[in-house]
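What follows is a short report on a single structure.
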Amino acid sequence: MTVLAATAGDVLDYALAFFFVAGGLALAYMLVRMGGTFARLSSFIKGSERDLLPVIVKAGGTVDRVNDQIDKLDVVTDSAVSMADSADTAVRAVSTAITTPVKKVTGLAAGVSHGFAAFRARRDVGEAMHVAKDAAAKRESELDEELRSAGQAAAEETPPAV
């Protein structure tokens, strides 16, 4: 009969060998799984390149077309600004053409009215002429100030153009 005899050192050697074999198997299993994960990751990256590159190319084309449209819009806004400047110049010319005779007529009316009143009161033609000229100048400056304040009030009421 043979007896199996083992010392404590032998038991530790067997346990260590079992540990290394079990660790090696676990490590091999983990590396195989990690290899599969890397294979799927590589496939995902290749698929992303294949699918994403056309999207990037299309996006670049879209950005180019948008930039072309923005350039066209810039031309349109420049034209609109030019037309607004032309309209402003025309309005100023018409305004000047209308207001100058109106100021002169109102000044003349005020001068004649005050001149006749001064002549009836004092019977002096020289003084009546002086009063008439002063009244005409005063009325023209008052009308000019009224028009200026009316223009400022209209500008404050008008909302700014966008």
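Of note:
- Here the stretch 108-129 is the region considered, the condition is being basic (K, R) and assigned to a helix (DSSP H, G or I), and the residue that is farthest from I98 (Cα to Cα) is R122.
- Hits in the stretch 129-138 (condition: surrounded by fewer than 20 Cβ atoms within 10 Å (Cβ to Cβ) and among the hydrophobic types (A, V, I, L, M, F, W, C)): M129, A137
- Criterion (among the charged types (D, E, K, R), modelled with pLDDT of 95 or more and in a helix (DSSP H, G or I)) met by exactly one of R65, R33, R50: R33
- Within the stretch 130-162, considering residues that are part of a helix (DSSP H, G or I), among the small types (G, A, S) and modelled with pLDDT under 80, the one nearest to the chain's Cα centre (by Cα): A155
- Exactly one residue among S86, S79, S95 is of a type in the set (S, T, N, Q), under 22 Å from E142 (Cα atoms) and surrounded by 10 or more Cβ atoms within 10 Å (Cβ to Cβ), and that residue is S95.
- Residue within the stretch 82-101 that is in contact with an Asp or Glu (Cβ under 9 Å, 6 or more places away or on another chain) and of a type outside the set (A, V, I, L, M, F, W, C) present: yes
The values are calculated or read from the model by the stated rules, or taken from the named source; none is laboratory data. The shown structure was predicted, so the numbers you read here are calculated from the model rather than taken from an experiment. With ideal geometry, Cβ positions are generated from the backbone for all residues, glycine too; neighbour counts draw on all protein chains shown.
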